[in-house]
Amino acid sequence: MKTRRKRLVISILVLLLTLVAGVFISGAILTAPVHKSIGDPPAELNARKVQFQSQSGTTVHGWFIPGKKGAGAIVLMHGVRSNRLSMLDRARFLSRAGFSVLLFDFQAHGESSGEHITFGYLESRDAQAAVEFLRANAQGERIGVVGESMGGAATLLASPPLDVDAMTLEMVYPTIKQAVSNRISRRLGGWAGVLTPLMTWQLEPRLGIGVDDLRPIDKVGAIRVPKLFIVGAEDRHTTLEESEQIFAAAAEPKELWIVEGAGHTDLHAQKKEEYEHRVLSFFKSRLSLLSE
């Protein structure tokens, strides 16, 4: 009996140590940079390569597409572990509509320098630098932002708030604790939510930040420019309930579009025609100077 109990205790300890080790390895993987050579922009975009400095300590690389004078200018901010290529189709339809467009790689992504992904913290400084670049290179234009997932978190976490005229925010997590819990539970089952503190505890030793630094829901109420929230009804990374929480916390003016049947995915690709119609209508009414 004692031998059997001892084996059981040893088995449980081995299982727990394996889980803890797995969580720490996951933390290393999730914060690791995802650099990639992007190359030249597609010829039809009439874009030029650009780079600018960010207070994240990064040299940010991107593409700038000049637009029609007075139409407005939009900066595109990609999601985690991605790069500017994921925003190409958005850049195409916005450019066709006359907007000047900046798409770039966040720090530790694509061709931009950086040692760690910080889930919106340092990336918010890149967002600030991108807006400043666009303001200098599309002078006199009203400026909009499209922020997808981490790009939306970076948009909201910027301090001071971004000097822009309108925002489209897609699938933005309210707090990093919720984001981590959802992802762990999705991979391992609902019970695994208890591992969330082990994952979020790593933020301090790995990145020098805490969970309170990654709470977009605390920032959105102070942002007074028009905001269009686009969310997936079936999203399991940022659940519909969480999207409704951050929308409720947001200051007016604001709009919410729930994309039926969509998960945590490219919402433009999911509902291309409706996405383009809604986003163009939103930005044209807030950014264009052509009818004034």
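What follows draws every value from the coordinates through simple rules; no lab data is involved. None of these values were measured; they are calculated from a predicted model. FYI the Cβ positions are ideal-geometry reconstructions off the backbone, even for glycines, and counts take in every protein chain you see.
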(message) What's the total number of residues in the range 221-234 that are of a type in the set (D, E, K, R) and either surrounded by fewer than 18 Cβ atoms within 10 Å (Cβ to Cβ) or over 18 Å from THR155 (Cβ atoms) (or both)?
(response) 2
(request) Find the residue count for the range 46-73, including only residues that are under 24 Å from SER281 (Cβ atoms) and touching a Phe, Trp or Tyr at 6+ places or on another chain (Cβ under 7 Å). (result) 4
(request) Sort out which residues of the range 82-100 are under 29 Å from LEU30 (Cβ atoms) and either in a loop (DSSP other than H, G, I, E, B) or without any contact (Cβ under 8 Å) to a residue 40 or more places away in the chain (or both), and write them in order of number. (result) SER82, ASN83
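Condition check ((1) surrounded by 24 or more Cβ atoms within 10 Å (Cβ to Cβ); (2) at negative phi) across all residues:
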| site | (1), (2) |
| --- | --- |
| SER86 | no, yes |
| LEU102 | yes, yes |
| GLU111 | no, yes |
| GLY114 | yes, no |
| PHE133 | no, yes |
| GLU141 | no, yes |
| GLY144 | yes, yes |
| GLY152 | yes, yes |
(request) Show the residue pairs that are 6+ apart or on different chains and have beta-carbon atoms under 7 Å apart, the first residue being within the range 269-292 and without any contact (Cβ under 8 Å) to a residue 40 or more places away in the chain, the second being β-branched (Val, Ile, Thr). (result) GLN270/VAL259; LYS271/VAL259
(request) Kindly indicate the residue of the range 154-178 that is of a type in the set (Ser, Thr, Tyr) and closer than 12 Å to MET77 by Cβ and also surrounded by the fewest Cβ atoms within 10 Å (Cβ to Cβ) among those meeting that condition. (result) THR168
(request) Specify the residue that is nearest to SER95 (Cα to Cα); the eligible residues are those in the range 138-174 that are assigned to a strand (DSSP E or B) and of a type outside the set (A, V, I, L, M). (result) GLY144
(request) Take the range 196-253 and flag every residue that is basic (Lys, Arg) and touching a helix residue (DSSP H, G or I) at 6+ places or on another chain (Cβ under 6 Å). (result) ARG206, LYS219, ARG236
(request) Only residues that are among the hydrophobic types (A, V, I, L, M, F, W, C) and either more than 24 Å from LEU287 (Cα to Cα) or assigned to a helix (DSSP H, G or I) (or both): list them for the range 226-258, please. (result) ALA233, LEU240, ILE246, PHE247, ALA248, ALA249
(request) With the checklist (1) touching a strand residue (DSSP E or B) at 6+ places or on another chain (Cβ under 6 Å); (2) more than 30 Å from LEU289 (Cα to Cα); (3) in a helix (DSSP H, G or I) in hand, flag the one item ALA262 doesn't pass. (result) (3)
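Go through the range 54-67 and give me each residue that's touching a strand residue (DSSP E or B) at 6+ places or on another chain (Cβ under 6 Å) and either at positive phi or assigned to a strand (DSSP E or B) (or both). Lay out the reasoning, then the answer.
Initially, the range 54-67 is screened for residues touching a strand residue (DSSP E or B) at 6+ places or on another chain (Cβ under 6 Å), giving 54, 59-67.
The answer is THR59, VAL60, HIS61, GLY62, TRP63, PHE64, ILE65.
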(message) Among the residues of the range 35-54, are any buried (at least 24 other Cβ atoms within 10 Å of the Cβ) and over 15 Å from the mean Cα position of the chain (by Cα)?
(response) yes
